[in-house]
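Values quoted throughout were computed directly from the atomic coordinates according to the rules given, and no laboratory measurement underlies them. In this text, all values refer to a predicted model and were calculated from it rather than measured experimentally. Cβ placement follows ideal geometry from the backbone for every residue including glycine, while neighbour counts extend to all protein chains displayed.
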Amino acid sequence: MKNDVRQVWDDCLVVIRENVSEQSFKTWFEPIIPFKLINKRLIIQVPSQFFYEWLEDHYVKVLRKALDAAIGKDGQLEYTIIIDRGSQPKPQNAPAAPAAAGPKPAEFKPIKSPFDIKPFKDQAFESFLNNSYTFENYVEGDCNRLARAASYAVAQKPSTTSFNPLMIYGGVGLGKTHLVQAIGNFIVNNSDNFRNVLYVSSEKFTSQFINAIRENSLQDFMAFYMQVDVLILDDVQFLSGKEKTQETFFHIFNHLHQSGKQIVMTSDRPPRELSGMEDRLLSRFKWGLTADIQAPDLETRIAIIHNKVEEENATMESEVVEYLAHCIDSNVRELEGVVISLLADASLTKRTIDLDMAKHRIKSLVEENQKVISIDNIIETVTDYFKIKITDIKGKTRLREVVVPRQIAMFLAKEYTSLSLKAIGYHFGGRDHSTVIHAIQTINDLMDIDKELKSQIDNLKEKFKKK
Ligand code: ADP
Ligand code: MG
C-alpha cells in the first residue's frame with residue numbers, strides 16, 4: 001500500500017541501506033521517524049536542526065534516489081524537527097503538518113557527555129578549567145600584548161566582540177593555554193549568560209570523537225558540544241590530517257557561531273601554516289581575530305620570575321633572577337620549571353638561593369638536554385615529524401619529500417651531537433662527509449629565506465628540548 005507513510009519510508013530505507021555504510025545508517029537514518037505522507041510529499045521527523053543540516057549536506061543524493069524508488073520522480077521530502085525536552089519548539093525549516101495532528105514528540109534521552117561523566121543535565125556543567133590560570137597572574141609584555149588584550153575583551157563580552165573565533169598562536173610554552181584558560185575562568189566567574197564554558201584539548205576532542213564513532217554515539221557527542229556557550233579548543237594543530245574530526249568540528253563550529261556562542265582556539269603556528277587542514281575550516285578561523293604570542297623579552301622574563309617567586313611566597317636575589325632570565329630565553333614553561341625547582345631545593349636545604357646554586361641548576365639542565373639527544377633519536381624524531389620511513393631517510397631516494405628531511409636530520413645531528421661529519425654520514429646509509437657538509441650548508445642557507453623550513457626546524461628543536 002503506497003499511501004502508508006511507514007511503508008513508503010521502509011522502501012526508502014531499503015535504498016538508503018544499500019548506499020551508505022552500516023555506521024551512517026545507524027547514526028543518521030535509524031533515528032528518523034516517518035511522520036506523514038500527503039500525496040507525494042513525505043514528511044520525516046528528525047531529532048534536531050543540526051541533524052537536518054547534516055542530512056542535507058551529506059545525503060541529499062541518496063535521499064533523492066530513495067524517493068525516486070519509493071514514490072517516483074515527483075516525490076518530495078520535507079522535514080520536521082522533534083521538539084526537544086518538551087521546552088520551546090525549535091524553528092522548523094520545512095512546512096510541516098501542525099504538531100497536534102502528528103504523533104507525540106519523542107522523549108529526548110539525556111545527552112551522554114563524551115567526557116565520561118554523568119549526563120550533565122543533572123549537574124552543573126563541568127568546564128575542565130584549571131582555576132590557577134588567570135589574567136591577574138599573566139604577565140603582560142610586548143610579546144603578548146595583542147593576544148592578551150583580545151582575550152580580555154572576549155572574556156568580558158563573549159561573542160559580542162568581533163573576535164569570534166579568537167585564535168591565539170605561538171610556540172611551545174609561551175602561555176597560550178594560560179591565556180585561553182584565563183578567558184574561561186573569567187567568564188565562569190562573571191557571566192550569567194554564558195554558563196557552559198568548556199575547555200578541551202584537540203587531542204581529547206579527537207579521541208572522544210573516535211570513541212563516539214566506535215560506540216555509535218556520534219549524536220550525543222554532537223549534541224553535547226552544541227550546548228556549549230564558550231568552546232575553548234587548545235592546540236588545533238593536532239587536528240591536522242584528521243579529516244573526519246575536522247569535518248565534525250566544522251559543523252560544531254558553524255552551529256555555535258551561528259547561535260551566538262564564543263569560540264576560542266590556540267595553535268602552535270599561524271593558520272596559514274597549518275598543513276593538512278581543510279580550506280573551509282581554515283577560512284572559518286579567519287572570521288575573527290588571529291593574535292600571536294612571541295617569546296618574551298628580557299624584562300618580561302624577569303617579571304614572570306618575580307611573579308612566580310611571589311606566588312610561592314619566597315624570595316630571590318635580583319642578580320639570580322636576572323641570571324635565570326638571561327639563560328632561558330625561549331620558553332616560559334622551562335623558565336618556571338627552573339625557578340620552582342630552585343625554590344624547592346632552597347626550602348629543603350634551608351638555604352637562600354645564590355648565584356652558584358642557579359648556575360649549577362642551569363648547568364645540569366643543559367647536560368640533561370644534551371644527554372638524551374643521540375643520532376638515532378634525531379633520525380627517529382625527524383622521520384616521525386615528516387611522516388617518512390627510516391629506511392628511506394637512510395636509503396638512496398632523491399625524492400624531495402625525503403631529501404629535505406634527510407638534510408635537516410644531518411643538520412640537527414651536527415648541532416646536537418659531537419659526532420664527526422664522517423660519522424654522521426655513516427648513520428645515513430654510509431654517505432660521505434662532503435654530502436653531510438653540503439646538507440648542513442643547504443639548510444643553513446634555506447633557513448634564511450624559507451619561513452616554513454625555519455619553523456619546521458624550530459618545531460623539531462622544541463621536541464628535543466622536551467625530551
Ligand atoms: P603553551 O600553552 O603556549 O605551551 P602554557 O600556557 O602552558 O604555554 O604556559 C607554560 C607555563 O608558563 C604556564 O605555567 C604558564 O602559567 C606560564 N606562563 C606563560 N606565559 C606567561 C605569562 N605571560 N605570565 C605568567 N605566566 C606565564
Ligand atoms: Mg598549551
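Taking 22 Å as R0, compute the FRET efficiency from the Cβ-Cβ separation of Ser347 and Ala303 and round it to 0.05. Each step should come with its number before you reach the end.
Working: r = 23 Å, r/R0 = 1.03.
So, using R0 = 22 Å, E works out to roughly 0.45.
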Each residue of segment 54-61 in turn: what ³J(HN,Hα) in whole Hz from Karplus with 6.51, -1.76, 1.60 and θ = phi - 60°, glycine and Pro shown as x?
5, 4, 5, 6, 10, 10, 4, 5
Segment 343-408 and segment 208-234: distance between their alpha carbon centers, rounded to Å:
36 Å
Sites Phe128 and Ala295, calculated FRET efficiency, Cβ-Cβ separation with R0 25 Å, nearest 0.05
0.35
Sites Thr161 and Ile449 - FRET efficiency at Förster radius 41 Å, r taken between beta-carbons, to 0.05
0.65
Compute the angle between helix 375-386 and the longest alpha-carbon principal axis of the chain, please, reported from 0 to 90 degrees and rounded to the nearest 10.
30 degrees
Using Cα positions and a limit of under 19 Å, work out the aspartates and glutamates in reach of Lys454, with same-chain residues fewer than 8 apart set aside.
Asp268, Glu273, Asp292, Asp329, Asp384, Glu401, Glu415, Asp445, Glu462
Return the sequence-ordered ³J(HN,Hα) values of segment 216-229 in whole Hz as given by the Karplus equation 6.51 cos²θ - 1.76 cosθ + 1.60 applied to θ = phi - 60°, using x for Gly and Pro.
6, 10, 4, 5, 5, 4, 4, 4, 4, 5, 6, 9, 6, 8
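On a full-extension model of 0.36 nm per residue, what is the gain between Asn313 and Arg145, subtracting their alpha-carbon distance, rounded to one decimal in nm? Present the calculation step by step, with values, prior to reporting the outcome.
Numbers: separation 168, 0.36 × 168 = 60.48 nm, distance 2.70 nm.
Extra length from Asn313 to Arg145 when fully extended: 57.8 nm.
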Measuring from the longest principal axis of the C-alpha atoms of the chain, the long axis of helix 145-156 (C-alpha) lies at a number of degrees, nearest 10, equal to 40 degrees
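Considering only the chain, what is the antiparallel percent among its DSSP beta bridges, to the nearest 5? Working shown, then result.
Working: 5 of 29 bridges.
Among the beta bridges of the chain, antiparallel pairing accounts for roughly 15 percent.
Distance cut-off 28 Å, Cα to Cα: go down the list Lys176/Lys261; Lys176/Lys350; Lys176/Lys394; Lys36/Lys242; Lys112/Lys242; Lys387/Lys422 and report the pairs above it. Present the calculation step by step, with values, prior to reporting the outcome.
Details: Lys176/Lys261 21 Å; Lys176/Lys350 35 Å; Lys176/Lys394 37 Å; Lys36/Lys242 39 Å; Lys112/Lys242 24 Å; Lys387/Lys422 26 Å.
Cα-Cα > 28 Å for Lys176/Lys350; Lys176/Lys394; Lys36/Lys242; rest within.
Per DSSP H run of n ≥ 4, the term is -39500 (n - 2.57); total these for the chain, divide by its residue number, and report the mean residue ellipticity at 222 nm rounded to 500 deg cm²/dmol.
Working: 19 runs with 241 residues, N = 467.
After summing the helix terms and dividing by the residues of the chain, the value is -16500 deg cm²/dmol.
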